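Notes follow once the structure below has been shown.
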Amino acid sequence: MSASLEPIVGRYLRTTWQQRPVRIYFEEAGNGIPLVCLHTAGCDTSQFRHLMTDPAVTDRFRVIAFDLPWHGKSPPPVGWQDEDYALSTDAYTEIIRTFCRDLELVKPVVMGCSMGGRIVLNLAAHHANEFAALIGLEAADHQTPWYDTEWLNRPDVHGGEVCAGLISGLVAPQSPDEARWETLWQYLQSGPGVFKGDLHFYRADSDYRDRTALIDTAVCPLYLMTGEYDFSCTVEDTTRTGAAIDGAEVVIMGELGHFPMSENPVKFRQYILPVLDEIEKKSAPKS
Amino acid sequence: MLHTLPELVNQRTTLVRRGRFLCVDFRLSVGDVDYDITVNHGRLVGFTSDGGLLRSWRFRIAAPAQTWLAFWQPVPAPGYHDIFALNKSRLARLEGDLYPFMSNLRYFKEVIAIPRDFNFTTEQDLVA
């Protein structure tokens with residue numbers, strides 16, 4: 001087997017977040033409309049590696065994904081050792097807008113999954129004019145919790161094992177083994193308490209049922225795409241959310257679960273490519 | 001066929017190794033039938049359904065037979081594919097001291113998934 005280089009390139013951005021200096025790792029591939037990808041809770045940018053190596057995407061989109069501080073290759077801010085990480089709507093929104101501004105992205109598309117899909121709704125409600133389109137994967141304005149997050153970070157339970165064990169059932173049975181286990185590996189290596197800290201945002205600070213009425217899809221198109229095997233953000237959660245937003249397009253994805261882009265990249269592209277086609281058409285300069 | 005579960009677990013060396021720190025008594029309730037299962041360092045060394053003998057267990061996984069039948073299909077339908085999906089919808093219940101279960105999640109998930117190889121077609125098959 002011959003060696004080859006993938007087109008993905010990684011760099012670090014130094015910026016300020018919540019009044020603190022941070023070092024943000026991001027990677028990108030492709031040219032065209034900026035497509036900023038937001039990883040799931042307790043995970044990192046590697047979830048989007050398949051999208052970044054798909055010429056059908058990268059020939060017309062500049063796919064960019066960044067690791068939130070505390071995740072992947074983005075370290076926590078200085079002093080982290082004496083604090084408990086807890087993400088909030090305010091902090092999450094700030095870092096997305098800061099990242100897009102610092103990279104001088106003009107009208108990017110933002111696509112987030114799970115908690116990344118949740119925050120997309122806040123962007124749609126309050127910052128729609130900054131984006132060309134928004135895509136929420138496994139996204140809803142609210143969903144019912146299904147486990148006690150205290151299990152995620154305690155000294156007598158292995159954090160990586162319990163995080164991966166909990167979310168393993170969110171992968172659809174049809175997902176190929178290689179992609180399934182890579183998806184789980186991403187959860188096995190998360191830092192202690194990081195998944196739990198993300199879920200503070202997801203569980204305690206992002207009930208967006210109060211703001212879906214503010215979303216104007218004429219300003220920024222909104223797509224909500226959910227896998228039928230996702231029992232965390234269920235098809236019903238997404239359908240209910242979409243029904244409350246005039247003009248939102250809901251796509252239910254068969255044979256996919258909570259991590260469509262990483263658990264079954266071949267299946268996912270069947271659903272995401274038509275959406276990207278539509279966004280590309282809408283973004284084309286009017287003649 | 002469920003009575004073959006110990007043999008099928010014990011011949012899976014990687015699964016047994018994964019459970020090497022685990023010793024616990026737990027109960028698997030399939031409808032009205034309670035299976036009391038003893039794990040000793042990852043091996044299933046006790047598996048009885050003699051019921052009513054006042055056996056103790058640390059935790060119990062319980063669901064109606066028709067729920068287990070759906071869960072144990074080779075490719076389960078959405079909502080029936082994971083024990084936590086069943087617990088969220090209250091089709092199954094996890095009871096008792098969940099520490100051994102939660103601290104050995106992958107082990108238990110793999111053990112209870114083994115009957116998907118049995119090709120159950122009816123509820124009667126489960127207890128045959």
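The values are calculated or read from the model by the stated rules, or taken from the named source; none is laboratory data. As the structure is a prediction and not an experimental result, all values here were calculated from the model. No Cβ is skipped: glycine too gets one built from the backbone with ideal geometry, and neighbour counts run over all protein chains shown. Side chains are part of the model used for accessible areas, which takes the heavy atoms of the whole protein and leaves out ligands, DNA and RNA. Shrake-Rupley method; radii C 1.70, N 1.55, O 1.52, S 1.80 Å.
Which condition number does A:Ala172 fail, the rest of (1) open to solvent by 30 Å² or more (accessible area, probe 1.4 Å); (2) within 14 Å of another protein chain (Cβ to nearest Cβ); (3) not in a helix (DSSP H, G or I); (4) not β-branched (Val, Ile, Thr) being met? Single failed check for A:Ala172: (1). How about region B:28-61: which of its residues are under 26 Å from B:Thr14 (Cβ atoms) and open to solvent by 80 Å² or more (accessible area, probe 1.4 Å)? B:His41, B:Arg43, B:Val45, B:Trp57, B:Arg58, listed by residue number.
To keep it simple, each residue is scored yes or no on (1) closer than 27 Å to A:Thr239 by Cα; (2) open to solvent by less than 10 Å² (accessible area, probe 1.4 Å); (3) away from chain B (no Cβ under 11 Å).
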| residue | (1), (2), (3) |
| --- | --- |
| A:Val110 | yes, yes, yes |
| A:His142 | yes, no, yes |
| A:Gly160 | no, yes, no |
| A:Ser168 | yes, no, no |
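Contact annotation: residue pairs with Cβ atoms under 7 Å, 6 or more positions apart or on different chains, pairing a residue in region B:80-109 that is over 16 Å from A:Val162 (Cβ atoms) and more than 7 Å from chain A (Cβ to nearest Cβ) with a partner that is of a type outside the set (Asp, Glu) and open to solvent by 40 Å² or more (accessible area, probe 1.4 Å), are B:Leu86/B:Tyr80; B:Glu95/B:Arg60; B:Gly96/B:Trp57; B:Gly96/B:Arg58; B:Gly96/B:Arg60. Screening A:Glu104 with (1) among the acidic types (Asp, Glu); (2) open to solvent by 10 Å² or more (accessible area, probe 1.4 Å); (3) touching a strand residue (DSSP E or B) at 6+ places or on another chain (Cβ under 6 Å); (4) at positive phi gives one miss only, at (3). Scanning region A:125-140 for residues that are open to solvent by 10 Å² or more (accessible area, probe 1.4 Å) and in a loop (DSSP other than H, G, I, E, B) returns A:His127, A:Ala132. Restricting attention to region B:67-76, the residues that are touching a helix residue (DSSP H, G or I) at 6+ places or on another chain (Cβ under 8 Å) and open to solvent by less than 50 Å² (accessible area, probe 1.4 Å) add up to 6. If you check B:Pro64 against the conditions, is it open to solvent by 40 Å² or more (accessible area, probe 1.4 Å) and within 9 Å of another protein chain (Cβ to nearest Cβ)? Judged against the criteria, B:Pro64 is not a match. Step by step: first the residues of region A:107-117, then only those that are in a helix (DSSP H, G or I) and touching a strand residue (DSSP E or B) at 6+ places or on another chain (Cβ under 7 Å), then the one that is farthest from A:Leu199 (Cα to Cα). Which residue is that? Only one residue tops the list, namely A:Gly117.
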